[in-house]
1. With the full set of protein chains in place, find how many percent of the accessible area of chain B is carbon and sulfur; take the probe as 1.4 Å.
2. Amide H neighbours of B:Val28 under 5 Å, counting only residues 5+ apart in sequence or on other chains, H built in-plane at 1.01 Å?
3. Taking 40 Å² as the minimum loss, tell me which residues in region A:4-39 lose that much accessible area going from the chain by itself to the full protein complex (1.4 Å probe).
4. Cα to Cα, under 18 Å, and not fewer than 8 places away if on the same chain: which aspartates and glutamates meet these conditions relative to B:Lys109?
5. Modelled label-to-label distance, B:Ser105 and B:Ile6, 7 Å Cα→beta-carbon offset: nm?
6. Rolling a 1.4 angstrom probe over the protein heavy atoms, how many square angstrom per residue are accessible across the protein assembly as shown?
7. Accessible area lost on pairing B with A, both sides, 1.4 Å probe, Å² to nearest 100?
8. Round to a whole angstrom and tell me the spacing of the C-alpha centers of region B:76-117 and chain A.
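The values are calculated or read from the model by the stated rules, or taken from the named source; none is laboratory data. Only a predicted model underlies this, so the values are computations on that prediction, with no experimental measurement involved. Every residue, glycine among them, receives a Cβ derived from its backbone with ideal geometry; neighbour counts consider all protein chains shown. Just the protein is used for accessible areas: all its heavy atoms, side chains included, with ligands, DNA and RNA removed. Shrake-Rupley method; radii C 1.70, N 1.55, O 1.52, S 1.80 Å.
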Amino acid sequence: MSFLHDNSIYIVLIITLIIWTGIFLLLMATDKRLKIIEKELKEQE
Amino acid sequence: MRIDLIWKGLLYILMSFVIVGGIAFPLVEVTTEWYHFPLIPGLGEQAKIIFFHVPTSWLATISFLMAMIFGIKYLRSNNLDDDAKSLAALQIGMVFVILATVTGSLWAKFAWGSFWHWDPRETSIFVLMLIYGSLFALRSAIENEDKRAKLSAVYSIISFLTVPFFVFIMPRIMAGLHPGSANDDTVGPVMELKMNGNMQLIFFLSLIAFSILYFWLWNMTYKSIIIKDKLSKKYI
(Lines give C-alpha, C1' and ligand atoms only; values in the text may rest on other atoms or scores of the structure.)
Protein backbone atom coordinates (compact mmCIF):
# COMPACT_ATOMS: atom_id res chain seq x y z
CA MET A 1 0.00 0.00 0.00
CA SER A 2 2.82 2.41 0.81
CA PHE A 3 4.15 1.85 -2.72
CA LEU A 4 0.92 3.24 -4.16
CA HIS A 5 1.01 6.05 -1.64
CA ASP A 6 4.48 7.12 -2.75
CA ASN A 7 3.82 6.63 -6.48
CA SER A 8 0.33 8.08 -6.77
CA ILE A 9 0.59 8.26 -10.59
CA TYR A 10 -0.31 4.54 -10.54
CA ILE A 11 -3.61 5.38 -8.85
CA VAL A 12 -4.36 7.78 -11.72
CA LEU A 13 -3.40 4.97 -14.09
CA ILE A 14 -5.75 2.47 -12.44
CA ILE A 15 -8.64 4.97 -12.44
CA THR A 16 -8.09 5.80 -16.12
CA LEU A 17 -7.99 2.11 -17.01
CA ILE A 18 -11.26 1.49 -15.14
CA ILE A 19 -12.91 4.43 -16.93
CA TRP A 20 -11.67 3.21 -20.31
CA THR A 21 -13.00 -0.28 -19.55
CA GLY A 22 -16.37 1.20 -18.65
CA ILE A 23 -16.55 3.28 -21.82
CA PHE A 24 -15.50 0.27 -23.88
CA LEU A 25 -18.18 -1.98 -22.36
CA LEU A 26 -20.79 0.73 -22.89
CA LEU A 27 -19.77 1.00 -26.56
CA MET A 28 -19.98 -2.79 -26.93
CA ALA A 29 -23.49 -2.80 -25.47
CA THR A 30 -24.64 0.09 -27.67
CA ASP A 31 -23.19 -1.56 -30.77
CA LYS A 32 -24.98 -4.81 -29.97
CA ARG A 33 -28.28 -3.01 -29.40
CA LEU A 34 -27.91 -1.13 -32.66
CA LYS A 35 -27.35 -4.38 -34.56
CA ILE A 36 -30.50 -5.88 -33.06
CA ILE A 37 -32.56 -2.81 -34.05
CA GLU A 38 -31.13 -2.93 -37.57
CA LYS A 39 -32.07 -6.60 -37.88
CA GLU A 40 -35.60 -5.96 -36.61
CA LEU A 41 -36.11 -3.13 -39.07
CA LYS A 42 -34.94 -5.33 -41.92
CA GLU A 43 -37.36 -8.07 -40.93
CA GLN A 44 -40.26 -5.63 -40.84
CA GLU A 45 -39.65 -4.48 -44.39
CA MET B 1 -19.06 -10.78 -36.48
CA ARG B 2 -15.69 -12.46 -35.95
CA ILE B 3 -13.73 -9.66 -37.62
CA ASP B 4 -15.67 -7.21 -35.48
CA LEU B 5 -14.49 -8.89 -32.31
CA ILE B 6 -10.88 -8.89 -33.48
CA TRP B 7 -10.99 -5.14 -34.11
CA LYS B 8 -12.64 -4.42 -30.80
CA GLY B 9 -10.24 -6.62 -28.87
CA LEU B 10 -7.30 -4.99 -30.64
CA LEU B 11 -8.69 -1.56 -29.79
CA TYR B 12 -9.13 -2.48 -26.12
CA ILE B 13 -5.63 -3.88 -25.77
CA LEU B 14 -3.96 -1.07 -27.74
CA MET B 15 -5.74 1.70 -25.88
CA SER B 16 -5.04 0.06 -22.51
CA PHE B 17 -1.37 -0.21 -23.42
CA VAL B 18 -1.29 3.42 -24.53
CA ILE B 19 -2.89 4.48 -21.24
CA VAL B 20 -0.42 2.41 -19.21
CA GLY B 21 2.57 3.62 -21.22
CA GLY B 22 1.44 7.19 -21.65
CA ILE B 23 0.67 7.73 -17.99
CA ALA B 24 3.04 5.53 -16.05
CA PHE B 25 6.26 5.14 -18.05
CA PRO B 26 8.92 7.16 -16.23
CA LEU B 27 10.72 10.21 -17.59
CA VAL B 28 14.47 10.00 -17.08
CA GLU B 29 17.36 12.19 -18.13
CA VAL B 30 19.38 9.36 -19.62
CA THR B 31 17.26 6.66 -21.18
CA THR B 32 18.56 3.17 -20.59
CA GLU B 33 15.53 0.86 -20.56
CA TRP B 34 13.12 0.49 -23.50
CA TYR B 35 10.22 1.97 -21.50
CA HIS B 36 12.01 5.16 -20.52
CA PHE B 37 10.91 8.52 -21.90
CA PRO B 38 13.47 11.28 -22.40
CA LEU B 39 13.02 14.27 -20.10
CA ILE B 40 12.37 17.36 -22.22
CA PRO B 41 13.65 20.45 -20.38
CA GLY B 42 10.86 22.84 -19.48
CA LEU B 43 8.08 20.37 -20.22
CA GLY B 44 8.64 17.49 -17.80
CA GLU B 45 5.58 15.33 -17.20
CA GLN B 46 3.49 17.70 -19.31
CA ALA B 47 5.10 16.23 -22.43
CA LYS B 48 2.85 13.18 -21.96
CA ILE B 49 -0.11 15.14 -23.31
CA ILE B 50 1.16 14.28 -26.78
CA PHE B 51 -0.23 10.74 -26.48
CA PHE B 52 -3.79 11.96 -26.03
CA HIS B 53 -4.00 15.51 -27.38
CA VAL B 54 -2.39 14.99 -30.79
CA PRO B 55 -4.55 11.95 -31.72
CA THR B 56 -7.75 13.87 -30.93
CA SER B 57 -6.84 16.76 -33.21
CA TRP B 58 -5.61 14.30 -35.83
CA LEU B 59 -8.98 12.53 -35.74
CA ALA B 60 -10.82 15.82 -36.05
CA THR B 61 -8.92 16.44 -39.29
CA ILE B 62 -9.61 12.89 -40.51
CA SER B 63 -13.30 13.15 -39.79
CA PHE B 64 -13.63 16.50 -41.57
CA LEU B 65 -11.93 14.81 -44.52
CA MET B 66 -14.45 11.95 -44.29
CA ALA B 67 -17.28 14.47 -44.18
CA MET B 68 -16.00 15.97 -47.42
CA ILE B 69 -15.55 12.58 -49.09
CA PHE B 70 -19.09 11.50 -48.25
CA GLY B 71 -20.35 14.96 -49.22
CA ILE B 72 -18.87 14.45 -52.70
CA LYS B 73 -20.30 10.93 -52.73
CA TYR B 74 -23.74 12.27 -51.89
CA LEU B 75 -23.59 14.86 -54.67
CA ARG B 76 -22.82 12.07 -57.13
CA SER B 77 -25.25 9.44 -55.87
CA ASN B 78 -28.07 11.49 -54.28
CA ASN B 79 -28.28 8.68 -51.74
CA LEU B 80 -29.32 10.00 -48.33
CA ASP B 81 -27.25 7.29 -46.62
CA ASP B 82 -24.14 9.11 -47.81
CA ASP B 83 -25.48 12.28 -46.22
CA ALA B 84 -25.93 10.38 -42.94
CA LYS B 85 -22.31 9.23 -43.17
CA SER B 86 -21.14 12.76 -43.82
CA LEU B 87 -23.20 14.10 -40.92
CA ALA B 88 -21.88 11.41 -38.57
CA ALA B 89 -18.31 12.35 -39.50
CA LEU B 90 -19.09 16.02 -38.89
CA GLN B 91 -20.59 15.33 -35.48
CA ILE B 92 -17.69 13.21 -34.28
CA GLY B 93 -15.22 15.67 -35.81
CA MET B 94 -16.82 18.44 -33.78
CA VAL B 95 -16.53 16.36 -30.59
CA PHE B 96 -12.86 15.67 -31.24
CA VAL B 97 -12.08 19.27 -32.14
CA ILE B 98 -13.61 20.37 -28.83
CA LEU B 99 -11.65 17.68 -26.98
CA ALA B 100 -8.42 18.81 -28.62
CA THR B 101 -9.13 22.43 -27.73
CA VAL B 102 -10.02 21.68 -24.11
CA THR B 103 -7.03 19.42 -23.50
CA GLY B 104 -4.75 21.90 -25.23
CA SER B 105 -6.12 24.77 -23.20
CA LEU B 106 -5.62 22.87 -19.92
CA TRP B 107 -2.07 22.08 -20.94
CA ALA B 108 -1.46 25.70 -21.94
CA LYS B 109 -2.41 26.86 -18.45
CA PHE B 110 0.54 24.96 -17.00
CA ALA B 111 3.01 25.18 -19.87
CA TRP B 112 2.37 28.77 -21.01
CA GLY B 113 0.64 30.30 -17.99
CA SER B 114 -2.90 30.95 -19.20
CA PHE B 115 -5.81 28.93 -20.49
CA TRP B 116 -6.28 31.03 -23.59
CA HIS B 117 -4.22 33.80 -25.09
CA TRP B 118 -4.78 33.64 -28.85
CA ASP B 119 -1.67 31.79 -29.86
CA PRO B 120 -1.80 31.16 -33.67
CA ARG B 121 -2.73 27.55 -32.98
CA GLU B 122 -5.53 28.56 -30.64
CA THR B 123 -6.84 31.19 -33.02
CA SER B 124 -6.87 28.82 -35.98
CA ILE B 125 -8.70 26.06 -34.11
CA PHE B 126 -11.23 28.65 -32.90
CA VAL B 127 -11.94 29.79 -36.46
CA LEU B 128 -12.19 26.18 -37.55
CA MET B 129 -14.76 25.51 -34.82
CA LEU B 130 -16.77 28.53 -35.94
CA ILE B 131 -16.71 27.35 -39.57
CA TYR B 132 -17.88 23.85 -38.73
CA GLY B 133 -20.25 25.03 -36.01
CA SER B 134 -22.14 27.13 -38.56
CA LEU B 135 -22.65 24.00 -40.64
CA PHE B 136 -24.88 22.59 -37.90
CA ALA B 137 -26.82 25.84 -37.82
CA LEU B 138 -27.21 25.58 -41.60
CA ARG B 139 -28.46 22.02 -41.35
CA SER B 140 -31.02 22.75 -38.67
CA ALA B 141 -32.38 25.71 -40.65
CA ILE B 142 -33.56 23.69 -43.68
CA GLU B 143 -36.51 21.32 -43.57
CA ASN B 144 -36.38 19.72 -46.99
CA GLU B 145 -33.96 16.85 -46.53
CA ASP B 146 -32.64 16.66 -50.10
CA LYS B 147 -31.93 20.36 -50.12
CA ARG B 148 -30.38 20.12 -46.65
CA ALA B 149 -28.16 17.23 -47.71
CA LYS B 150 -27.06 19.03 -50.87
CA LEU B 151 -26.21 22.29 -49.12
CA SER B 152 -24.46 20.47 -46.29
CA ALA B 153 -22.38 18.47 -48.79
CA VAL B 154 -21.31 21.61 -50.64
CA TYR B 155 -20.54 23.41 -47.37
CA SER B 156 -18.49 20.49 -46.05
CA ILE B 157 -16.43 20.48 -49.26
CA ILE B 158 -15.78 24.22 -49.15
CA SER B 159 -15.00 24.27 -45.44
CA PHE B 160 -12.57 21.40 -45.75
CA LEU B 161 -10.53 23.55 -48.12
CA THR B 162 -9.71 25.74 -45.10
CA VAL B 163 -8.66 22.83 -42.89
CA PRO B 164 -5.13 22.30 -44.26
CA PHE B 165 -4.54 26.03 -43.94
CA PHE B 166 -5.78 26.32 -40.37
CA VAL B 167 -4.39 23.04 -39.07
CA PHE B 168 -1.10 22.64 -40.92
CA ILE B 169 0.00 25.91 -42.49
CA MET B 170 -0.98 28.94 -40.43
CA PRO B 171 0.28 27.70 -37.02
CA ARG B 172 3.56 26.76 -38.67
CA ILE B 173 4.41 29.95 -40.52
CA MET B 174 3.58 32.26 -37.63
CA ALA B 175 5.55 32.80 -34.45
CA GLY B 176 3.86 31.18 -31.50
CA LEU B 177 4.26 29.00 -28.46
CA HIS B 178 2.78 25.75 -29.69
CA PRO B 179 5.37 23.08 -30.59
CA GLY B 180 5.99 23.33 -34.33
CA SER B 181 5.61 27.11 -34.60
CA ALA B 182 7.91 29.05 -36.91
CA ASN B 183 10.11 30.45 -34.11
CA ASP B 184 10.21 27.22 -32.15
CA ASP B 185 13.91 26.46 -31.75
CA THR B 186 13.68 24.45 -28.54
CA VAL B 187 11.41 21.61 -29.51
CA GLY B 188 11.43 21.56 -33.30
CA PRO B 189 8.65 20.60 -35.69
CA VAL B 190 6.01 18.42 -34.12
CA MET B 191 7.09 15.11 -35.56
CA GLU B 192 10.76 15.70 -34.73
CA LEU B 193 10.07 16.33 -31.06
CA LYS B 194 12.84 15.04 -28.94
CA MET B 195 11.09 11.72 -28.96
CA ASN B 196 13.02 8.53 -28.50
CA GLY B 197 11.99 5.21 -30.03
CA ASN B 198 9.73 4.33 -27.13
CA MET B 199 7.93 7.66 -27.18
CA GLN B 200 7.36 7.31 -30.93
CA LEU B 201 6.09 3.76 -30.45
CA ILE B 202 3.48 4.83 -27.89
CA PHE B 203 2.60 7.86 -30.00
CA PHE B 204 1.91 5.85 -33.15
CA LEU B 205 0.11 3.10 -31.24
CA SER B 206 -2.03 5.87 -29.77
CA LEU B 207 -2.80 7.19 -33.25
CA ILE B 208 -3.82 3.68 -34.36
CA ALA B 209 -5.96 3.05 -31.28
CA PHE B 210 -7.74 6.39 -31.58
CA SER B 211 -8.33 5.78 -35.31
CA ILE B 212 -9.98 2.42 -34.64
CA LEU B 213 -12.08 4.05 -31.92
CA TYR B 214 -13.03 6.79 -34.37
CA PHE B 215 -14.19 4.41 -37.09
CA TRP B 216 -16.20 2.44 -34.56
CA LEU B 217 -17.93 5.58 -33.28
CA TRP B 218 -18.51 6.79 -36.83
CA ASN B 219 -20.01 3.45 -37.81
CA MET B 220 -22.44 3.49 -34.87
CA THR B 221 -23.35 7.14 -35.36
CA TYR B 222 -24.20 6.90 -39.05
CA LYS B 223 -26.15 3.69 -38.54
CA SER B 224 -28.26 5.29 -35.83
CA ILE B 225 -28.87 8.36 -38.04
CA ILE B 226 -30.06 6.10 -40.87
CA ILE B 227 -32.34 4.17 -38.51
CA LYS B 228 -33.78 7.39 -37.11
CA ASP B 229 -34.50 8.66 -40.64
CA LYS B 230 -36.14 5.37 -41.58
CA LEU B 231 -38.37 5.38 -38.52
CA SER B 232 -39.41 9.00 -38.90
CA LYS B 233 -40.43 8.33 -42.49
CA LYS B 234 -42.42 5.30 -41.45
CA TYR B 235 -44.57 6.99 -38.85
CA ILE B 236 -45.24 10.37 -40.44
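1. 69
2. B:Phe37, B:Leu39
3. By number: A:Ile9, A:Leu13, A:Leu17, A:Trp20, A:Phe24, A:Leu27, A:Met28, A:Asp31, A:Leu34, A:Lys35, A:Glu38.
4. B:Glu45, B:Asp119, B:Glu122
5. Distance between label points: 4.2 nm.
6. Computed with neighbouring chains in place, this is 56 Å² per residue.
7. For chain B against chain A, roughly 2000 Å² becomes buried.
8. 21
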